[in-house]
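The values are calculated or read from the model by the stated rules, or taken from the named source; none is laboratory data. Keep in mind that what you see is a predicted model, and the values were worked out from it rather than measured. Quick reminder, even Gly has a Cβ in these numbers, built from the backbone with ideal geometry, and neighbours come from all protein chains shown. Just the protein is used for accessible areas: all its heavy atoms, side chains included, with ligands, DNA and RNA removed. Shrake-Rupley method; radii C 1.70, N 1.55, O 1.52, S 1.80 Å.
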Amino acid sequence: MRLRHLTLAAALLGGLCVPAHADDARDISRDVLAPDDGWAAAGGGTTGGAAADDAHVHTVTDRAGLVHALDGGSDTPKIIRIAGTVDADTDDSGRHLDCADYATDGYGLKKYLAAYDPRTWGSAKPSGPQEEARQASATKQAERVVLPVGSNTTIVGLGSKALLKGADLQIKDADNVIVRNLELRDAYDCFPVWQPNTGGLGDWKTAYDTLSLTGATHVWIDHVTASDRGHPDSAEPTYFARNYLRHDGLLDITGGSDLVTVSWSRFADHDKAMLIGNSDSATGDRGKLRVTLHHNQFESVVQRAPRVRFGQVHLYDNRYVVPGGSEYRYSLGVSTESAIYAENNAFHTPSHVEAADLVKSWNGSALHQSGTLFNGYPVDLLAIYDAYNSGSERDLTADVGWTPTLHGKIDSAAVADREVARGAGAGRIP
């Protein structure tokens, strides 16, 4: 397995990293992105907090320490090392908080359901006392779980068991950020809102991603594991004939974010995994949303792996695993003005999932694909998509208007499949 990274010292002096952890793991906190490792290497590269002075190198073990280290999302160069488990759902004394602790102003789920039952409420947007109470309760939760990340920041997990749970880590209007070797788990929304007109039948909308980029530039996400482990939406009840969703995305890249590399990470046990571009009308995203995804594993993911609007996305050497009996809709979402360049990706699916199911288009026009393996056999996803969807959706062309140049050696799908299975995710940096 070849992880392509440099330390600041190596980048400037040709030096080597010095081990600094009790478990003899290499100190990765001052690593910077290699100069050709995907879109985040463009325009000066991504160094995160590698230039931080000693006063801004923090080791944190709880939410209070993490909040202090994040410094309100300041731009000061900083390195934040997470040791053990940090729970965002805690008060200032470290006591765990649950949904009942956040509920306020008379909010109650039974009362909310009674107030906005479509059979009596109709299709209007919820309003009135229970919706106001839901909003107030949601604000209380957001004050604890939304954690802003500023420019020039590196966040790394120490050792092999660093976990941040219950948090929505937000990189918003920030530049030059690195997140590595960290498990992100269960950004659980206590107060979903009912949206009567969504999808024709209405749906529940949630607020939090485990990691979100909005207006963010030069971001490197590496050896991260993101999942709903412990609270799968599939185990939630059904209200108004719709699943009571508690999670939004695992990693969403929206709002004009640009120059992002996501590598050697694992996305698992989730519905909508990764959105790149969140609206067909967000024409300001044109020329942005340039993202590289390589050597990642998408496992037990229902959809959006990723779904792309506008962006130039290089998708290579990734591994997709759909377990038997799991819900599945699609992997690659080709949407408005997207330009996905997919190379040498491997898919493993049960017998009821066919190659034609891997791609779905919403107003998309093009998809480049080559070197794809489907259950061990080479397939042409573009030809299969066009053949199966002829007459129902417009054909996709192979010309996406660009060819990636920022990348290292691209392995065959078979080689990448084995390496990603062994090496993707938190705690697996060699």
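Annotations for the structure displayed:
- Test result for Gly94, open to solvent by less than 30 Å² (accessible area, probe 1.4 Å), free of Cβ contacts under 8 Å to residues at least 40 places away in the same chain and closer than 24 Å to Arg246 by Cβ: no
- Reported count of residues in the stretch 377-430, each being within 26 Å of Gly45 (Cβ to Cβ), aliphatic (A, V, I, L, M) and in a loop (DSSP other than H, G, I, E, B), is 6.
- Leu275 being open to solvent by 10 Å² or more (accessible area, probe 1.4 Å), hydrophobic (A, V, I, L, M, F, W, C), touching a Gly at 6+ places or on another chain (Cβ under 7 Å) and not in a loop (DSSP other than H, G, I, E, B): yes
- Failed item in (1) within 16 Å of the chain's Cα centre (by Cα); (2) open to solvent by 40 Å² or more (accessible area, probe 1.4 Å); (3) under 30 Å from Asp31 (Cβ atoms); (4) in contact (Cβ under 8 Å) with a residue 60 or more places away in the chain, with Lys161 passing the rest: (1)
- Among (1) open to solvent by 20 Å² or more (accessible area, probe 1.4 Å); (2) closer than 23 Å to Tyr239 by Cα; (3) within 25 Å of the chain's Cα centre (by Cα) - the single one Asp105 does not satisfy: (3)
- Those residues of the stretch 296-337 which are closer than 23 Å to Gly423 by Cβ, open to solvent by less than 10 Å² (accessible area, probe 1.4 Å) and outside any strand (DSSP E or B), in sequence order: Asn296, Ala305, Pro306, Asp317, Asn318, Ser331
- Restricting attention to the stretch 111-134, the residues that are hydroxyl-bearing (Ser, Thr, Tyr) and either surrounded by 13 or more Cβ atoms within 10 Å (Cβ to Cβ) or not in a loop (DSSP other than H, G, I, E, B) (or both) total 3.
- Residue in the stretch 326-338 that is closer than 23 Å to Thr225 by Cβ, touching a residue at least 60 places away in the same chain (Cβ under 8 Å) and in contact with a strand residue (DSSP E or B) (Cβ under 8 Å, 6 or more places away or on another chain) present: yes
- Some residue of the stretch 242-265 being farther than 20 Å from Arg180 by Cα, touching a strand residue (DSSP E or B) at 6+ places or on another chain (Cβ under 8 Å) and aliphatic (A, V, I, L, M): yes
- Of the strands (runs of 3 or more DSSP E) contained entirely in the stretch 202-244, those carrying at least 3 residues that are closer than 28 Å to Leu158 by Cα fall at 211-214, 217-227.
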